[in-house]
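Have a look at the structure below, then the notes.
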Amino acid sequence: MTIKRALLSVSDKTGLLDLAKVLAAQNVELIASGGTAKSLEQAGYKVTAVETLSGKGEAFQGRMKTISFEIASSLLYRREDPSDIKQAKDLGISPIDLVVVNLYPFHETLKKNSSFAECIENIDIGGPTLLRAGAKNFRSVTVLCNPEQYGTFIKEFQENKGETSLEFRQKCASQVYTMTAFYDQAIASYLTQSTGESLRYGENPHQKAFVMKDPFQEGLAHAKSLQGKEMSYNNYLDADFALKTLQDVHQWQGTKSLPTAVVVKHNTPCGLAIGETPIRALEKAWKGDEKSSFGGIIALNFPVTEEVAAFFTDKFVEVILAPSFDEKAKEKLKKNCRIMEVKLKSEPAWQVRSIEGGWLVQEADTFDLSNTKVVTKNPVSEDKKRLASFAMLAVKNLKSNAIALARQEGPEFDLMTMGSGQTNRVDCIEKLITSRLTDKGIKDVSEVVLASDAFFPFPDSVQVAAKLGVKCIIQPGGSVKDNDVIAEADKLGISMLFTGRRHFLH
């Protein structure tokens, strides 16, 4: 759409005059306020003052500038909607086609260790309002929120003879919402810390930390500790792994879920079991790695009763997550043990991780075995397939490269042992799995299933698994060497299933 009117309100004047020159050359009306208007006028450009549109000047020492019904309407009304067009005409609203706004330097104010009052004054209100309004109406409005965009815009504007493409406008809109998300996160973080809602510390005592609670989706962040010390940063990380693993198994079991227990230590599910009774599930999960279970995080899909609480009498655990705790159980559990009531849910959520200078966002890894198939000549029984799917569940939440060995006794399943976090799968089996089986005195693994979170790139993983005595393997498949891997499994008398879905976890 042809750009005829532009609203400019910038705290960072970088590139402003170069942009204004290009716009003025195409007879675009420049609307501006405060310091932006002054800079443009001093450079010789004709400027329409914002108050001409709003009918009112700046107020409250500059806190009120660009927010008004008239300006917001100029950005928001739909240019393609006959009803909106008629109403805009009746109200005397003329369209604004370009918004150029960057925000008060809140981040820079923080870096200067400014006073609380100064930080508050540098929270921009009008800027985000204008940007978000224009971005919502990207079908008709172009929004620029960063001087670095000016060059690309000028090229687009000139090549399209005073217009921008829908694709360009949508890309600019996404940049606006990304920027305001980071901007608001910084403000929320600052105010949260200022109100004393911080965690005791982060991963280490010298690191500050706090938890931000998603107001749109309830989860672990919203759960309250019913007793014990406040949750720490590391407690939350481990508890999150425990809860996600528990939810995976709970969903896999379906409507007739047996008692399930998960033990997590240092972001690693080291114990996982399904038992016919709560105590059986706890005992099997605890024995998955008794050394690591000490000081771990426990997640349960069953209520904690006095009997269940008695299991922990001679054991130290940091946190217990469960649907509920009865009063006698609370009395019996050690007072330094944090206990939290949590709900089990199955809907996936988006995951966000921070990196230097940004966020990584991805869909949650979901579990799907619908494409699983036996790829070897050796068959796999239905019972063994069920165990294989449990083994894949067990390996799903382990840090890559990961291997899990799972076994079954009647309706009960447990993670016999696992290895994770190695740089290759062969080391994972030879150095971790083998030594842990030796420590447990386990010599016969012919009835277990070995699961790998990602494909075997070479037949060597099959060879080391065969040395252990493994007879069944489940893995995603997808390697260029799949045929060689399958051939090696056939040669060694091993059954193998491919799931077609990788569960790599960094």
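Would you please give the residues with an amide H less than 5 Å from that of Lys4, counting only those at least 5 places away or on a separate chain, with H modeled from the backbone geometry?
Asp97
Accessible area per residue, 1.4 Å probe, Å², for the chain: what's the number?
Accessible surface, normalised per residue, equals 51 Å².
By its C-alpha gyration tensor, with a ≥ b ≥ c as the square roots of the eigenvalues, how is region 365-498 shaped: rounded for a/c under 1.5, else prolate for a/b larger than b/c, else oblate? Intermediate results must be reported in sequence, preceding the final value.
Details: a/c = 1.20, a/b = 1.08, b/c = 1.11.
Here region 365-498 falls in the rounded category.
Which of rounded, prolate, oblate describes region 94-203, given a ≥ b ≥ c as roots of the alpha-carbon gyration tensor eigenvalues and a/c under 1.5 marking rounded, otherwise prolate only if a/b is larger than b/c?
Numbers: a/c = 2.69, a/b = 2.54, b/c = 1.06.
It comes out prolate by the Cα gyration axes.
Please report, as a whole percent, how much of the solvent-accessible surface of the chain comes from carbon and sulfur atoms (probe radius 1.4 Å).
50
Computed from the mean reciprocal separation of all distinct C-alpha pairs, what Kirkwood hydrodynamic radius does region 222-341 have, in Å?
Result for region 222-341 stands at 13.8 Å.
For region 9-80, run through the chymotrypsin sites (Phe, Trp or Tyr not before Pro) and keep only the ones in DSSP coil with at most 10 other Cβ atoms within 10 Å of their Cβ. Kindly include the intermediate steps, with their values, before the conclusion.
On the way: sites: Tyr45, Phe60, Phe69, Tyr77; in loops: Tyr45, Phe60, Tyr77.
Within region 9-80, the qualifying chymotrypsin sites (Phe, Trp or Tyr not before Pro) (loop, at most 10 other Cβ atoms within 10 Å) are Phe60.
Find how much the distance from Ile125 to Glu283 grows on full extension, using 0.36 nm per residue of separation minus their present alpha carbon separation; answer in nm with one decimal.
Details: separation 158, 0.36 × 158 = 56.88 nm, distance 5.58 nm.
Length gained, Ile125 through Glu283: 51.3 nm.
Between [x] -0.27, -0.48, -0.74; [y] -0.32, -0.55, -0.81; [z] -0.44, -0.69, -0.87, which matches log10 I(q)/I(0) by the Debye sum over Cα atoms at q = 0.06, 0.08, 0.10 Å⁻¹ calculated for the structure shown?
It is the one labelled [z].
Using the membrane-span-like helix rule (whole DSSP H runs, Cα extent along the own axis of at least 24 Å, mean Kyte-Doolittle hydropathy at least -1.0), which helices of the chain qualify? List each step's numbers first, then the result.
On the way: long enough: 166-194 (42 Å, -0.15); 233-253 (30 Å, -0.82).
Both cut-offs are met by 166-194, 233-253.
About the Cα centre of region 222-341, what is the dipole size in debye to 20, counting +1 per Lys and Arg Cβ and -1 per Asp and Glu Cβ, all else neutral?
It works out to roughly 120 debye.
Given a cut-off of 31 Å, name the pairs among Lys213/Lys396; Lys396/Lys443; Lys256/Lys481; Lys335/Lys396; Lys224/Lys431; Lys136/Lys396 whose C-alpha atoms lie farther apart than that in the structure shown. Could the numbers behind the result be given before it?
Details: Lys213/Lys396 26 Å; Lys396/Lys443 25 Å; Lys256/Lys481 40 Å; Lys335/Lys396 33 Å; Lys224/Lys431 40 Å; Lys136/Lys396 39 Å.
Beyond 31 Å: Lys256/Lys481; Lys335/Lys396; Lys224/Lys431; Lys136/Lys396.
For the chain, build the charge dipole from Cβ charges (+1 Lys, Arg; -1 Asp, Glu) around the Cα centre, then report which of Phe157, Ser68, Phe302 sits farthest towards its positive end.
Phe157
With both partners inside the chain, how many of the DSSP beta bridges are antiparallel, as a percent to the nearest 5?
Beta bridges within the chain, antiparallel portion: roughly 55 percent.
Does region 1-86 come out rounded, prolate or oblate, given a ≥ b ≥ c as the square roots of the eigenvalues of its C-alpha gyration tensor, rounded meaning a/c under 1.5 and, failing that, prolate meaning a/b above b/c?
oblate
Roughly how big is the chain's charge dipole about its Cα centre, with Cβ charges of +1 (Lys, Arg) and -1 (Asp, Glu), in debye to the nearest 20?
So the dipole magnitude of the chain works out to roughly 120 debye.
Okay, helix-only estimate at 222 nm for the chain: each DSSP H run of n ≥ 4 adds -39500 (n - 2.57), divide by all residues, round to 500 deg cm²/dmol; what do you get?
My calculation for the chain gives -11000 deg cm²/dmol from helical runs alone.
When you count, for each residue, the other Cβ atoms within 10 Å and take the mean per peptide, how do 192-205, 286-299 rank with the highest first? Mind showing how you got there, number by number?
On the way: 192-205: 12.1, 286-299: 20.4.
So the peptides 192-205, 286-299, ranked by packing, come out 286-299, 192-205.
If the only charges are +1 at each Lys and Arg Cβ and -1 at each Asp and Glu Cβ, what is the size of the charge dipole of region 365-498 around the Cα centre, to the nearest 20 debye?
140
The values are calculated or read from the model by the stated rules, or taken from the named source; none is laboratory data. As the structure is a prediction and not an experimental result, all values here were calculated from the model. Neighbour counts are summed over all protein chains in view; Cβ atoms, including those assigned to glycine, are modelled from backbone coordinates with ideal geometry. Calculation scope for accessible area: heavy atoms of the full protein, side chains included, ligands and nucleic acids excluded. Shrake-Rupley method; radii C 1.70, N 1.55, O 1.52, S 1.80 Å.
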